[in-house]
1. Output the residue which, of all residues in the stretch 12-39 that are charged (D, E, K, R) and in contact with a Gly (Cβ under 6 Å, 6 or more places away or on another chain), is surrounded by the fewest Cβ atoms within 10 Å (Cβ to Cβ).
2. Quick one: in the stretch 316-345, of everything that is touching a residue at least 60 places away in the same chain (Cβ under 8 Å) and in a loop (DSSP other than H, G, I, E, B), which residue is farthest from A119 (Cα to Cα)?
3. For G314, are the conditions met, namely being of a type outside the set (A, V, I, L, M), under 20 Å from P111 (Cα atoms) and either outside the structural domain of E31 (by TED's automatic domain parsing) or within 15 Å of the ligand (Cβ to nearest atom) (or both)?
4. Mind listing just one residue for me: the one in the stretch 24-47 that is of a type in the set (A, V, I, L, M) and touching a residue at least 40 places away in the same chain (Cβ under 8 Å) and, of those, nearest to the ligand (Cβ to nearest atom)?
5. Could you check how many residues of the stretch 131-155 are part of a loop (DSSP other than H, G, I, E, B) and hydrophobic (A, V, I, L, M, F, W, C)?
6. What pairs can you find where one residue is in the stretch 257-279 and free of Cβ contacts under 8 Å to residues at least 40 places away in the same chain, the other is within 15 Å of the ligand (Cβ to nearest atom) and β-branched (V, I, T), and their Cβ atoms are less than 6 Å apart, with a gap of 6+ or different chains?
7. Residues F50, F56: which one is more than 15 Å from the ligand (Cβ to nearest atom), out of contact with any strand residue (DSSP E or B) (no Cβ under 8 Å at 6 or more places or on another chain) and either modelled with pLDDT under 95 or closer than 26 Å to L265 by Cα (or both)?
8. What number of residues within the stretch 322-349 are touching a strand residue (DSSP E or B) at 6+ places or on another chain (Cβ under 8 Å) and small (G, A, S)?
Amino acid sequence: MKTHRVAVLPGDGIGPEITRAALKVLRVVEERNPVHFDLIQAPFGAQAYFDHGHPFPETTQAICDRADAILKGPVGLDYEATKKIPVDMQPERGAVLPLRARYNTYANFRPIVLPQALAHFSPLRPEIIGDGIDIMLIRELVGGLYFGTKTVGVDADNHRYVEETLRYDEIQIKQILKKGLELAQRRKGVLHNIHKSNVLKSSVLWNEVLEEMAPAYPDVKIVHMLVDAAATHLCLNPRQFDVMVMENMFGDILSDQGGGIIGSLGLMPSACIGDAKAYYEPSHGSAPDIAGRNIANPYSMIGSAAMMLEYSFGMAAEARNIWAAMQAVFADGFSTPDLTQPGVKVETIGTEAFGDKVVAKLRAAPRVA
Ligand code: ATP
């Protein structure tokens with residue numbers, strides 16, 4: 001029996017309810033495998049600031065330091081509530097960016113997946129979905145504009161100004177491109193490199209580094225695409241993409257678009273990988289507009305737990321069973337309300353019911369040898 005210690009940070013908004021569903025699924029994984037998860041919950045995010053004076057309290061940092069992996073819900077409150085928190089203590093700046101920096105989780109894997117059978121969830125026409133969308137978007141997570149220095153002040157003319165810097169060095173670029181090239185090798189041998197080299201010098205360096213690395217990966221075809229063009233192509237012909245790699249802010253924006261084309265941000269899990277530690281979280285925010293109403297889609301959180309099993313604990317087969325269990329619930333005609341489209345018949349169910357149906361499907365799945 002193996003024991004894995006997992007720091008569980010439910011977060012804010014819909015975080016706690018979708019986390020509950022994911023933890024139930026992990027308990028079923030324990031029933032089916034010689035494995036035990038030591039699940040240690042800890043405060044993190046805006047509510048943690050109000051309760052403990054810091055969005056990433058020291059006690060939570062210690063729990064994360066000792067954990068084998070971290071399962072994290074989304075953080076943040078609505079606009080008015082956020083204004084009550086000092087700018088540097090607001091959860092993205094005060095908790096999420098420090099979490100990423102602490103463990104140097106530089107590689108963010110965001111699957112954008114919609115099987116053909118679920119084409120009706122997408123706002124795109126079924127002909128565009130074709131035999132299904134299956135993209136892995138890789139976002140650099142600890143560099144660029146989001147991590148640059150930030151200065152605010154008042155200039156000589158008494159106008160307020162802000163200056164934020166965008167910095168990448170070749171080591172950072174190389175390590176994320178390596179992830180992209182290696183994944184492209186294991187998948188279809190095509191890597192879309194998303195950049196903005198006609199305007200940004202950071203993209204010019206990025207592309208230079210990629211050209212230097214490319215000869216070592218002769219089996220990978222590299223397709224260069226400007227980020228604005230990529231946004232259009234994601235709508236017009238998403239099936240041309242298999243593995244996409246890009247810098248931090250481009251990845252933040254295009255992955256939300258990815259959620260849009262498959263029908264909901266609720267279908268977007270992710271893995272944030274560093275060389276020594278990884279954490280797993282939905283790609284979306286805390287959706288305060290629907291929090292506490294038992295209507296959020298827990299797919300993103302359960303999917304993040306599945307990614308944790310595969311990437312941190314070597315349980316790829318059981319992870320596949322979890323994906324299959326979630327797809328089977330959809331195939332039975334059930335979904336949370338975010339996935340209902342006009343004219344499409346689905347029976348809407350709540351967060352908890354969706355999680356329970358996934359649990360039942362997983363229990364019924366053949367065990368991994
Ligand atoms: P952030 O910048 O923190 O990622 P955001 O501005 O992208 O946040 P989200 O909180 O991600 O905003 O959510 C945008 C909208 O998408 C929400 O208002 C909600 O309606 C919907 N949404 C997000 N996640 C889910 C989910 N798991 N289930 C259902 N709807 C969701």
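1. The first filter runs over the stretch 12-39 and keeps only residues charged (D, E, K, R), leaving 12, 17, 20, 24, 27, 30-32, 38.
Pick out the ones that are also in contact with a Gly (Cβ under 6 Å, 6 or more places away or on another chain) and you get 12, 24.
Numbers: D12: 28, K24: 18.
My answer is K24.
2. Residue satisfying both the conditions and the ranking: T336.
3. no
4. Just the residues of the stretch 24-47 that are of a type in the set (A, V, I, L, M), to begin with: 25-26, 28-29, 35, 39-40, 42, 46.
So of that shortlist, the ones also touching a residue at least 40 places away in the same chain (Cβ under 8 Å) come out as 25-26, 28-29, 35, 46.
Numbers: V25: 15, L26: 18, V28: 21, V29: 21, V35: 27, A46: 11 Å.
The extreme case among them is A46.
5. 2
6. No pair meets every condition.
7. Among F50, F56, only F56 is more than 15 Å from the ligand (Cβ to nearest atom), out of contact with any strand residue (DSSP E or B) (no Cβ under 8 Å at 6 or more places or on another chain) and either modelled with pLDDT under 95 or closer than 26 Å to L265 by Cα (or both).
8. Of the residues in that region, 2 qualify.
The values are calculated or read from the model by the stated rules, or taken from the named source; none is laboratory data. In this text the structure is predicted, and so the values were computed from the model without any measurement. Neighbour counts are summed over all protein chains in view; Cβ atoms, including those assigned to glycine, are modelled from backbone coordinates with ideal geometry.
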